[in-house]
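Engineer: Got a structure for you, written out below as structure tokens; questions coming shortly.
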Ligand code: DGJ
């Protein structure tokens with residue numbers, strides 16, 4: 001995908017926040033040569049759009065290294081997600097911070113007064129004392145927010161409710177998909193149902209997505225299999241889940257966002273966006289060569 005200057009959008013592990021009629025796409029910048037399936041991650045980018053077709057590059061909203069904090073090489077940020085806190089009027093960014101060894105396994109938080117930054121890094125933590133690797137955040141209609149993350153060596157997923165300022169866990173939590181080794185969590189709500197789509201824990205390799213549904217974020221979560229159907233569904237159409245975007249102004253219009261990694265040239269990794277069809281508890285994602293927002297009624 002290209003931005004409105006004709007340059008490839010550099011926002012991997014993307015997630016989208018909508019604020020005051022504008023969509024903000026946040027993601028990790030990948031730059032330079034890939035060596036042993038690792039690439040420099042010089043910061044977090046943001047692109048804005050009113051229509052989801054045209055994207056303006058808003059620049060680097062947070063650098064990948066911040067002197068005087070733990071976010072300096074060999075540590076780097078991944079999977080940046082932003083929510084807006086109406087009470088504190090802060091944009092709150094959560095991310096996974098790690099090293100190439102992948103043992104640091106911490107979640108970190110940064111805040112900004114504006115969606116396009118600058119984000120001020122507040123530091124990292126082990127949420128509720130637990131490891132955090134692939135993660136996402138979800139903000140519910142009642143204002144409560146949750147951190148959803150691969151934990152316990154990546155074997156089990158945790159959901160941690162956050163404090164009202166969204167800056168740390170408040171202690172309420174759930175463990176799910178125990179010993180199932182899931183990564184790439186993406187969460188959304190439609191009506192009274194909460195949905196969670198994820199990938200297998202497979203590094204940069206593609207795997208079959210799975211999804212689960214729950215009546216509340218802390219569960220109970222019911223696992224319902226692979227949401228993707230047809231040829232390529234065993235590998236999520238060569239992608240890994242990153243986020244689910246709700247299209248404003250259309251009922252039940254949700255888009256699956258995935259990363260199509262190129263492990264030997266990560267900078268050239270692509271994005272897969274596909275509409276999700278929802279029937280009761282059931283999700284279905286089909287491959288489409290071309291589509292636009294008119295697929296949503
Ligand atoms: C597994 C994750 O799912 C990917 O998104 C990526 O973060 C790799 N780990 C990095 O090694």
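Engineer: Would you list 284, 80 from fewest to most Cβ contacts within 10 Å? Don't skip to the end; give the middle numbers.
Structural biologist: Values: 284 15, 80 28.
With the fewest neighbours first, 284, 80 line up as 284, 80.
Engineer: Still on this structure, I have one more. According to a simple spin-label model (label point 7 Å from Cα along Cα-to-Cβ), what is the distance in nm between residue 165 and residue 56?
Structural biologist: 3.2
Engineer: While we're looking at this one, here's another question. When the chain is treated as a GNM, springs tying every alpha-carbon pair under 10 Å, which of 126, 106, 86 comes out with the largest mean-square fluctuation?
Structural biologist: Maximum among the listed residues: 86.
Engineer: Give me the extension gain from residue 208 to residue 152: residue separation times 0.36 nm, minus the current Cα-Cα distance, reported in nm with one decimal.
Structural biologist: Values: separation 56, 0.36 × 56 = 20.16 nm, distance 2.14 nm.
Stretched out fully, the residue 208 to residue 152 stretch lengthens by 18.0 nm.
Engineer: Moving to a separate point now. Once fully extended, how much extra length lies between residue 70 and residue 288, figured as 0.36 nm per residue of separation less the alpha-carbon to alpha-carbon distance?
Structural biologist: So the chain would gain 74.3 nm between residue 70 and residue 288.
Engineer: Starting with the fewest neighbours, write out 211, 149 ranked by other beta-carbon atoms found within 10 Å of each beta-carbon.
Structural biologist: Listed from fewest to most nearby Cβ atoms, that is 211, 149.
Engineer: Can I ask one more? Which residue fluctuates the most in the chain, going by a Gaussian network model with Cα springs under 10 Å, if the choices are 61, 22, 137?
Structural biologist: 22
Engineer: Could you identify which residue out of 159, 35, 285 has the top mean-square fluctuation in a GNM of the chain using Cα springs shorter than 10 Å?
Structural biologist: Between 159, 35, 285, it is 35 that shows the largest mean-square fluctuation.
Engineer: Once the piece of chain linking residue 264 and residue 279 is laid out straight, how much longer is it, given 0.36 nm per residue of separation minus the C-alpha distance between them? Mind showing how you got there, number by number?
Structural biologist: Values: separation 15, 0.36 × 15 = 5.40 nm, distance 3.85 nm.
This chain segment gains 1.6 nm when fully extended.
Engineer: Then there's this: For q values of 0.07, 0.09, 0.11, 0.13 Å⁻¹, compute log₁₀ I(q)/I(0) with the Debye formula on a Cα-only model of the chain, without solvent.
Structural biologist: -0.22, -0.38, -0.59, -0.86
Engineer: If a paramagnetic tag sat 7 Å from the Cα of residue 172 along the Cα-Cβ line, which residues of segment 125-147 would have the backbone N under 13 Å from that point?
Structural biologist: 140-147
Engineer: Oh, and also: Provide 196, 17 in ascending order of the number of other Cβ atoms located within 10 Å of each residue's Cβ, fewest first.
Structural biologist: Numbers: 196 26, 17 21.
So the residues, fewest neighbours to most, are 17, 196.
Values in this text are rule-based calculations from the coordinates and carry no lab data. Just so it is clear, the structure is predicted and the values come from calculations on it, not from any experiment. FYI the Cβ positions are ideal-geometry reconstructions off the backbone, even for glycines, and counts take in every protein chain you see.
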